[in-house]
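Written out below as structure tokens is the structure these notes cover.
The values are calculated or read from the model by the stated rules, or taken from the named source; none is laboratory data. Keep in mind the model is a prediction, meaning the values are calculated, not measured. Reconstructed Cβ throughout: ideal geometry from the backbone, glycine too, with neighbour counts over all protein chains shown.
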Amino acid sequence: MGKPACYRQLLDQTSVMDGMLRSYEFEINRMISSPRSYLPAEVENNPLRSRIEEQLGDISSGLIACEGSYDAVAPMLDLIRNDIRGIDVSSSGLIEAFSSADPRNQNPINIGNFTSIIQSSQVQVLRHVSELKTVLSPRSGSEKESSPFIGARMYLWTLIVLCIVFCIIILAKSYSVSRYILKLNKAVFEMRDNDFSSKEISTEMIPSQEAELFELYDAVSSTAIRVDSELKEAKGRIYDLEDEISRHKLISSYTTAIINSLNDGVMVTNDILKVSFINAAFEKFWRIKRNSIIDQDARELPFIRLVKGWKEGLSKVLYSSLGNTKSISLEAEYKLSEKGSSKKVKLHILPLKDAEGKEIIGTVTITRPS
């Protein structure tokens, strides 16, 4: 690893340590605000402080790897360690004073003395870290990266890339038309050359033949352009259709989520009484799985045959002439098993109509315990 890269890594490690110190400062300030809520051991065994010390050790090792020694910045690292130690000692002293204080003692603890020492150390440690970053920045070559010309160069490169992309899009769109025109152009001139070489043609015939050939060329070219335009319009309609399908899918998913959130069981059949949908409450109520009854004839399902009038009600609602039967309500007893106890259930069978509300296209059954 080259020296600039080495120092950039050290600068990154110092920035990470800077963030850790600010988090540590926040924790210490929280302890100062309520010292009775903490124990001295919590300050002494603070894991964040341990990670900061490990980060300091990594920076020291990195400096030795970069330079062979760290004499140039060793005083800064020592100052940072001393500041952290000062924060720890003062914080521990404050917590210890409150932990060992007798609640009946009339002599108040001088919190301001501890606080001023801690805050002074916090300011010092952040200042020393900032100085360390200032020392490492020139060695890492980062001042080159902060040059104001970098932004201008990046802006120019972005414009160039956008222009290239735009040109590629224009070429791609015109490729289909230009391909047809080139092929037709080649075919027309080959036809003309072959015709002139295989026949003896008087000079009086050439102008009329060329005119006919170029009229044909113009007609075919215009047709190719028109076809390409129609293809583009069809493509746009396909995109609109895909958007509409996505919108319908989203609405369908919302509708399904709403129906699944109902406490009542819901079963939907199509125009031939095959099950097309059931919600989660229906599965739980009748102890069935959705996949086992979807696309099955509802009239043949065992649990429907157990409830008197359900099978007949489905047929009556669906096949009633002109939809005169608005709905059917039933209340019956059933047993899901021979050993099970009888239970009462209420059923409401309604016709499912199309979007215009004219034709019956299925049924909706709502079940709830009686």
query: Going by the structure shown, is SER61 in a loop (DSSP other than H, G, I, E, B), more than 30 Å from ILE111 (Cβ to Cβ) and either modelled with pLDDT under 75 or out of contact with any helix residue (DSSP H, G or I) (no Cβ under 9 Å at 6 or more places or on another chain) (or both)?
result: no
task: Mind listing whichever residues of region 267-292 are closer than 19 Å to TYR334 by Cα and in contact with a strand residue (DSSP E or B) (Cβ under 6 Å, 6 or more places away or on another chain)?
output: MET267, ALA281, PHE282, PHE285
statement: How many residues of region 278-293 are surrounded by 16 or more Cβ atoms within 10 Å (Cβ to Cβ), not hydrophobic (A, V, I, L, M, F, W, C) and not in a loop (DSSP other than H, G, I, E, B)? The answer is 1
- request: Check region 237-253 and report whether any residue there is under 26 Å from ARG299 (Cα atoms), in a helix (DSSP H, G or I) and modelled with pLDDT of 80 or more.
  value: no
statement: Of the listed residues (LYS308, LYS326, LYS274), the one being surrounded by 14 or more Cβ atoms within 10 Å (Cβ to Cβ), of a type outside the set (A, V, I, L, M) and within 24 Å of ILE360 (Cα to Cα) is LYS274
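For every residue, the table says whether it meets (1) in a helix (DSSP H, G or I); (2) touching a helix residue (DSSP H, G or I) at 6+ places or on another chain (Cβ under 7 Å); (3) modelled with pLDDT of 90 or more.
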| site | (1), (2), (3) |
| --- | --- |
| MET267 | no, yes, yes |
| ILE272 | no, no, yes |
| SER276 | no, no, yes |
| ASP295 | no, no, yes |
| ARG299 | yes, yes, yes |
| GLU333 | no, no, no |
| SER337 | no, no, no |
| VAL345 | no, no, no |
| GLU356 | no, no, no |
- line: When region 30-43 is checked residue by residue, the ones that are more than 36 Å from the chain's Cα centre (by Cα), loosely packed, with under 14 Cβ neighbours inside 10 Å and part of a helix (DSSP H, G or I) are SER33, ARG36, SER37, ALA41
task: Please enumerate the residues belonging to region 346-370 that are among the hydroxyl-bearing types (Ser, Thr, Tyr) and touching a Gly at 6+ places or on another chain (Cβ under 9 Å).
output: THR363, THR365, THR367
- prompt: Which is part of a helix (DSSP H, G or I), under 30 Å from GLN9 (Cβ atoms) and modelled with pLDDT of 65 or more, of ALA152, ALA219, ALA224?
  reply: ALA152
- request: Scan (1) at pLDDT 75 or above; (2) at positive phi for the single condition TRP157 breaks and write down its number.
  value: (2)
- prompt: Would you say GLY362 is more than 17 Å from ASP264 (Cβ to Cβ), assigned by TED's automatic domain parsing to the domain that holds MET267 and touching a residue at least 60 places away in the same chain (Cβ under 8 Å)?
  reply: yes
- prompt: From the list ASP271, ASP240, ASP228, which residue is of a type in the set (D, E, K, R) and in the same structural domain as VAL345 (by TED's automatic domain parsing)?
  reply: ASP271
task: Say whether the condition of being surrounded by fewer than 13 Cβ atoms within 10 Å (Cβ to Cβ) and touching a strand residue (DSSP E or B) at 6+ places or on another chain (Cβ under 8 Å) is met by at least one residue in region 228-241.
output: no
